[in-house]
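Just below is one structure, and these are the notes that go with it.
Just so it is clear, none of the values below were taken in a lab; they were calculated from the coordinates. Remember, predicted model here, so these are calculated numbers, not experimental data. Glycine gets a Cβ as well: all are built from the backbone with ideal geometry, and neighbour counts include every protein chain shown.
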Amino acid sequence: MADTTWDKTHEAQFGDYVELLKPRVMRLVIFTAAVGMFVAPVAVHPVIAFASILCIAVGAGASGALNMWWDRDIDAVMKRTAGRPIPSGRVEPGEALGIGITLSVMSVVMLGLFANIAAAALLGFTIFFYAVVYSMWLKRATPHNIVIGGAAGAFPPMLGWVVATGGISIEPVLMFALILIWTPPHFWALALWRNDDYKAAKVPMLPVTHGTRTTRNNILGYSLLLIPVSLAIGFTQIGGLVYFSVAVILNIVFLLGAVRVFRRSDADNIADKFRSEKQLFAFSILYLFLHFVLLLAEAALRGFDLAPTFPVLL
Amino acid sequence: MSFPEQHEIHNRRKGRNMAVGLLLGAFVVIVFSVSLVKLSKPQNIDATAPNFSTMVDSE
C-alpha cells in the first residue's frame with residue numbers, strides 16, 4: 001500500500017475478494033443450510049432465517065479464504081486452482097488471511113446474536129475444522145483427507161437445524177452423515193482423472209498413495225455405506241414416502257455407477273478417457289442435490305398436510 | 001492547496017469503494033431489521049428463542 005508510484009498492474013478488485021470466499025461452495029452451503037433450517041420442526045422468523053443463513057455463508061466463505069491463504073503454494077502447482085486470486089497474483093496472501101480471520105469472527109459473533117449460542121459455537125467449530133484440522137493438519141498428511149474435508153462440508157444442514165431448534169437430534173446427524181459419506185466417492189471419482197495434478201502438488205490423494213485399485217474399492221465401499229444413511233432419513237420425521245421412494249432409485253443408480261467404476265482398469269480409462277468416472281462424478285452431484293430437494297418437498301407436503309402416512313421409526 | 005492529477009487508479013478503486021460502502025450499508029440494514037424482530041413479540045418476551053412459532057411438536 002506504500003507504493004507511491006501507483007503502477008501496480010493488478011490492483012485487487014472487489015470481485016477478487018469475493019472469489020476468495022469460494023462463491024460456488026458458498027452456494028451449496030446456503031442451499032443445504034436453508035434446507036436444514038426449513039425441515040426443522042420449529043419455524044424461524046424469515047428475517048432471522050435470512051440473517052442466519054448469511055452468517056453461515058460468510059463463515060463458510062471465511063474458512064475458504066483461510067484455506068486459500070494456507071494452500072497458496074499447492075494451488076499454484078495445480079491446473080484446477082492456479083487461477084485462484086492468490087496464485088494468480090491478484091490478492092496478497094496477507095489480505096486473504098486478514099479477510100479470513102475478520103469474517104470468521106464477525107460471522108460467529110453475529111450468528112450468536114441473531115440466532116443462538118449453540119449455532120454460533122457450531123459455526124466456529126466448523127470454521128476451525130475446515131481451516132485448521134483439514135487444511136493445515138490433515139490434507140497433506142493422510143490419504144483420508146477427503147473424509148475429513150467431507151465432514152467440514154457436512155456441517156451446514158446441521159447448522160441450519162441448530163439455528164431453528166437450538167439443539168441436535170437424529171435428523172441433523174443423518175443429514176451430516178449423508179454428506180460426510182457421499183464426499184469420498186464423489187471426490188475420488190474426480191481424483192481418478194485429476195491424478196497427475198495432485199501428484200505434482202504432492203497432496204496425498206488416495207489414487208496417488210495407494211493406487212487406483214484401492215481407490216476403486218473405496219469408492220464402492222463408501223457407496224454401499226451411503227445407502228443405509230440415505231434410506232434411514234426416510235424413516236425420521238423429516239422423511240416420508242416421497243423422499244424414500246425417490247431415494248431408493250437414486251441409490252440404485254449411484255451404486256450401479258460405483259460398481260461400473262469398481263470393475264474398470266486403468267487401461268479402460270485411457271481407452272475412453274475416464275467416461276464412467278466422469279459419469280459417476282456428475283451423477284453424485286445430482287444425487288446429493290436431489291436428496292435435499294426431496295427433504296424440502298417433504299417439508300412442504302407436511303406444511304400443507306398432504307404428506308402420505310409413512311412410519312417414523314427413528 | 002493543489003490536488004495531484006486524478007490518476008486512473010482512483011477510478012479503479014472507486015468501484016471497490018462503492019462495493020464496500022454498499023456492503024456496510026447492507027450490514028446496517030440487517031442488524032436493524034433483526035433488532036426490530038427481536039424487540040417485538042415473542043422475541044421480546046423470551047430473548048433466548050429466535051423462533052416465532054412452533055409448527056410441529058418436536059420430540
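Given only helices, namely DSSP H runs of n ≥ 4 each adding -39500 (n - 2.57), what is the per-residue ellipticity at 222 nm of the protein assembly as shown, to the nearest 500 deg cm²/dmol?
Per the formula, -23500 deg cm²/dmol.
All Cα-Cα separations within the protein assembly as shown were binned at 10 Å from zero, giving a P(r) of 5, 21, 28, 24, 15, 6, 1, 0, 0, each value a whole percent of the pairs.
Taking chain A as a Gaussian network of alpha-carbon nodes connected by springs under 10 Å, the highest mean-square fluctuation of the residues A:H144, A:H45, A:H210 belongs to A:H45. Dividing the convex hull volume of the alpha-carbon atoms in the stretch A:15-166 by its residue count gives 97 Å³ per residue. Prolate is the label for the stretch A:31-120. Its Cα gyration tensor axes, ordered a ≥ b ≥ c, give a/c of at least 1.5 and a/b above b/c.
By the combined test of axial Cα extent (at least 30 Å) and Kyte-Doolittle hydropathy (mean at least 0.5), the qualifying DSSP H helices of chain A come to A:46-70, A:93-114, A:145-165, A:170-193, A:206-234, A:241-263, A:275-303. Taking the number of Cβ atoms within 10 Å of each Cβ as an exposure proxy, the fewest-first ranking of A:V163, A:V203 is A:V203, A:V163. First check a/c for the stretch A:85-141, with a ≥ b ≥ c the square roots of the eigenvalues of its C-alpha gyration tensor; if it is under 1.5, answer rounded, and if not, answer prolate when a/b is larger than b/c or oblate otherwise. Oblate shape, in that a/c is at least 1.5 and b/c is the bigger or equal ratio. For the pair the stretch A:154-203 / the stretch A:12-34, the C-alpha centres are spaced 17 Å from each other. Comparing mean-square fluctuations of A:F129, A:F281, A:F50 from a GNM of chain A with C-alpha springs under 10 Å, the top value falls on A:F50.
In percent, rounded to a whole number, the relative contact order of chain A is 18, using alpha-carbon pairs under 8 Å and six or more apart.
Springs join every pair of Cα atoms under 10 Å in this Gaussian network model of chain A, and among A:S63, A:S245, A:S104 the largest mean-square fluctuation is at A:S245.
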